[in-house]
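Colleague: Dumping the structure here so I can ask a few things about it.
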Amino acid sequence: MIWRFGLFDSTFAPLLHTHWALLAALGLPLLLGTLAALFPPKRAWPVVLASVPVLASGLVLLSAYDQAGLLRWQWEIADIHLSLRLNGLSVLLLLMTQVIGVAAALYTPGYLRLSETGPLARWLWPLMGVVLSALSLIWLATDLLTLYAGLELMGLAAVGMLMLSGKVPALVAGMRYLLLALVGSLTYLLGVALILGHWGRLDLQGLAEVIEPGPVAWFAAALIGAGLALKAALFPLHAWLTPVHENAWTPVSSLHAALVIKASLFMLLQLWSILLPDTFYAPRVIAWLGMLAIVWGGLLAWRTDSLKTLVASSTVAQLGYLMVAFPLLLGPDIAPLPRALAWEGFWLQLMGHAFAKAAMFMAAGNLILATGESTLKGLAGTSRRLPLSLLVFGIASITLMGLPPSAGFTAKWMLLQAMIITQQWWAVAALLIGTLLTAAYVFRMFRYSFDETAPRHRYQPLAPGMDLIALTLALIAFALGLLAHFPLELMHGGSP
């Protein structure tokens, strides 16, 4: 095995602690999650101790990137080249994953103490560790084989987490998700096999140099796109998403909606930028499907009476905002200014949605745990006893609606500027319609919650910190809009 470490555009000497930080970011979640399974799953102190080195590894990598710029690690095993890359975008996504993952882990002991969980609950920790390690690998990988390994590890662990409750609906939803995930993986692998057979390379940098537009590239992009779209629950391949979240534990839903589906979307954009450079039709097909996703997901959330279905359906609509930006990111004849605005707006929207969605699922889970009710009508009058949970839900909703000064507002403002410059008025209309639909289903939820004529519930007290953890994530999403220049400056140069 050959190990290579390279630094580009910098004279900064490689430091040993950077290698250790990389290994820690990739391996610590899995290792510490496995060790946490040895302790009672409802204890919080092992989680607190495990969170410190995980977050420290991300900060060390951030410091290394700030000093050295682009970092690369390369292995050669049996003539197969495996490589990792640390740039501004991957640092941001890695830190986002660690913060949300740690928040979900800290939330979990309190949730397990108040929920009816069986002996399988201790397996949540190693599975959560696998998900976080696999996500970190995906953000850093720059070859198709490593990306596939991360995708499969993440998908299988996510399925395992969703089925831990052992209830029949959860098992049915989990098995459906597993079968669809396997179909998506097989389709992705067929595209990779086509690429390897035709060009003989798996590294993205090398593929970018040799791939030429033609039937092989188009067919490979279609196979990879279909597989990843299924895993990302992109419209119209989203039907599995709502049943999964209906039956999943709250910390699992938070991780899945915030991070897991984003990884497939990240891979889709990264690989299509190589396979379909400056292609007219494919990005526009994704954009038109995104418009339908915004409307369909918003209508589903507006019409449902289930709080979890409302939050899950809003994910379908929010992913539509990212899909609508594809022509600006991958389409031909896009000027540098609107492309740069769309690039920054796309990733800021993705990060803002991740923090807000995790917070919203935690707030919804707190409301359901405290009242024993899962319907909007059943939650009537909760403003009397659960104001903090409703506050978290409201702050997260501000980001999803795109109201100032949240990350959703700043991201949508950038996307709207790019769309207006390129005269994509249909996309502008889609973003505005989506904002109105989001406001409609959010205010419908609050209309029931503030119903003063509703009978009084008997409330179960929440564990300490459950609301505060969710509030922290919601405030991060809110503050990203005010402090957007920090992540955008760090991300500069991460464009494909």
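The values are calculated or read from the model by the stated rules, or taken from the named source; none is laboratory data. Not measured: the values here are computed from a predicted model. Neighbour counts run over all protein chains shown; Cβ positions are idealised from the backbone, glycine included. With ligands, DNA and RNA removed, areas are computed over all heavy atoms of the protein, side chains included. Shrake-Rupley method; radii C 1.70, N 1.55, O 1.52, S 1.80 Å.
Colleague: Can you work out the Karplus-derived ³J(HN,Hα) for every residue in the stretch 234-246? Use 6.51 cos²θ - 1.76 cosθ + 1.60 with θ = phi - 60°, whole Hz, and x for glycine or proline.
Modeller: Per-residue couplings from phi come out as 6, 4, x, 9, 10, 4, 6, 5, 5, x, 5, 6, 4 Hz.
Colleague: HN-Hα J couplings of the stretch 212-226 from phi, Karplus 6.51/-1.76/1.60, θ = phi - 60°, integer Hz, Gly and Pro as x?
Modeller: Values, residue by residue: 10, x, x, x, 5, 4, 5, 5, 5, 5, 5, 5, 5, x, 5 Hz.
Colleague: With all protein chains present, calculate the accessible area of GLU344 using a 1.4 Å probe and round the result to the nearest 10 Å².
Modeller: Approximately 50 Å² of GLU344 is accessible to the 1.4 Å probe.
Colleague: I would also like to ask the following. Given 37 °C and 0.692 mPa s, how large is the Stokes-Einstein diffusion coefficient of the chain in µm²/s, with Rh as the Kirkwood radius over Cα pairs?
Modeller: Values: Rh = 22.8 Å.
Answer from the Stokes-Einstein relation: 144 µm²/s.
Colleague: Set the bar at 28 Å for Cα to Cα. Now go through LYS262/LYS377; LYS377/LYS412; LYS231/LYS377; LYS357/LYS412 and name every pair that lies beyond it.
Modeller: With Cα atoms farther than 28 Å apart: LYS262/LYS377; LYS377/LYS412; LYS231/LYS377.
Colleague: How high is the relative contact order of the chain, given as a whole-number percent (alpha carbon pairs under 8 Å, six or more residues apart)?
Modeller: On the way: 851 pairs, mean separation 73.1, N = 496.
After rounding, I find 15 percent.
Colleague: Let me ask something additional. In whole Å, what are the extents of the stretch 58-123 along the principal axes defined by its C-alpha atoms, from largest to smallest?
Modeller: 49, 33, 15
Colleague: Can you give the net charge of the other residues whose Cβ lies under 13 Å from the Cβ of GLU246, counting K and R as +1 and D and E as -1?
Modeller: Values: positive: LYS167, ARG176, LYS308; negative: ASP305.
Counting the neighbours of GLU246, the net charge comes to +2.
Colleague: Now, a different point. When only C-alpha pairs under 8 Å and at least 6 residues apart count, what is the relative contact order of the stretch 377-496, in percent?
Modeller: Details: 98 pairs, mean separation 54.4, N = 120.
Once normalised by length, the contact order is 45 percent.
Colleague: Picking from TRP343, LEU70, LEU471, whose Cα lies most toward the positive end of the charge dipole for the chain (charges on Cβ: Lys, Arg +1; Asp, Glu -1)?
Modeller: With unit charges placed on the Cβ atoms, the residue in question is LEU471.
Colleague: Right, here's the next one. Using unit Cβ charges (K, R positive; D, E negative) and no other charged atoms, how large, in debye to the nearest 20, is the dipole of the stretch 339-496 about its Cα centre?
Modeller: Details: 10 positive and 6 negative charges, 81 e Å.
Using only the charged Cβ atoms, the result is roughly 380 debye.
Colleague: Let me ask you something else. Cα-based Rg (one decimal) and Dmax (whole number) for the stretch 177-218, in Å?
Modeller: In order Rg, Dmax, the Cα atoms of the stretch 177-218 give 12.3, 36 Å.
Colleague: Also: Once every DSSP H run of n ≥ 4 in the chain is given -39500 (n - 2.57) and the sum is divided by its residues, what mean residue ellipticity at 222 nm do you get, rounded to the nearest 500 deg cm²/dmol?
Modeller: -24000 deg cm²/dmol, from helical runs alone.
Colleague: One quarter of the convex hull surface, Cα atoms only: what value does that give for the stretch 273-370 in nm²?
Modeller: Directional mean of the projected Cα hull area for the stretch 273-370 stands at 6.8 nm².
Colleague: Another question, then. Order these peptides, 225-233, 153-161, by their mean beta-carbon neighbour count within 10 angstrom, highest first.
Modeller: 225-233, 153-161
Colleague: Just to be sure I understand: if I project the alpha-carbon convex hull of the stretch 218-323 onto a plane and average over all orientations, what area do I get in nm²?
Modeller: 6.2
Colleague: Please quote Rg/Rh for the stretch 166-258 to two decimal places, taking the Kirkwood radius as Rh and restricting both calculations to Cα atoms.
Modeller: Rounded to two decimals, Rg/Rh equals 1.12.
Colleague: Given the convex hull over the Cα atoms of the stretch 365-449, what projected area results after averaging over all orientations, in nm²?
Modeller: So the Cα hull casts an average projection of 5.9 nm².
Colleague: A further question on this structure: What's the ranking of 324-336, 407-419, 264-276, 51-63 by average number of surrounding C-beta atoms within 10 Å, highest first?
Modeller: 407-419, 264-276, 324-336, 51-63
Colleague: Continuing with this model, one more query. Suppose every K and R has +1 on its Cβ and every D and E has -1 on its Cβ; what is the size of the dipole of the chain about the Cα centre, in Debye to the nearest 20?
Modeller: Using only the charged Cβ atoms, the result is roughly 1500 debye.
Colleague: So if I take the centroid of the Cα atoms in the stretch 121-183 and the same for the stretch 47-117, what is the distance between those two points in Å?
Modeller: That distance is 17 Å.
Colleague: Could you tell me what fraction of 2.2 N^0.38 Å the Cα radius of gyration of the stretch 84-197 comes to, as a two-decimal ratio?
Modeller: Normalised Cα radius of gyration, the stretch 84-197: 1.21.
Colleague: In whole Å, largest first, what are the principal axis extents of the Cα atoms in the stretch 329-485?
Modeller: So the extents along the principal axes, rounded to whole Å, are 60, 28, 21.
Colleague: Using the Cα centre of the stretch 54-175 as the reference point, and only Cβ charges (+1 on K/R, -1 on D/E), how large is the resulting charge dipole? Debye, rounded to the nearest 20. Before the final figure, lay out the partial values.
Modeller: Numbers: 5 positive and 6 negative charges, 82 e Å.
Dipole size: approximately 400 debye.
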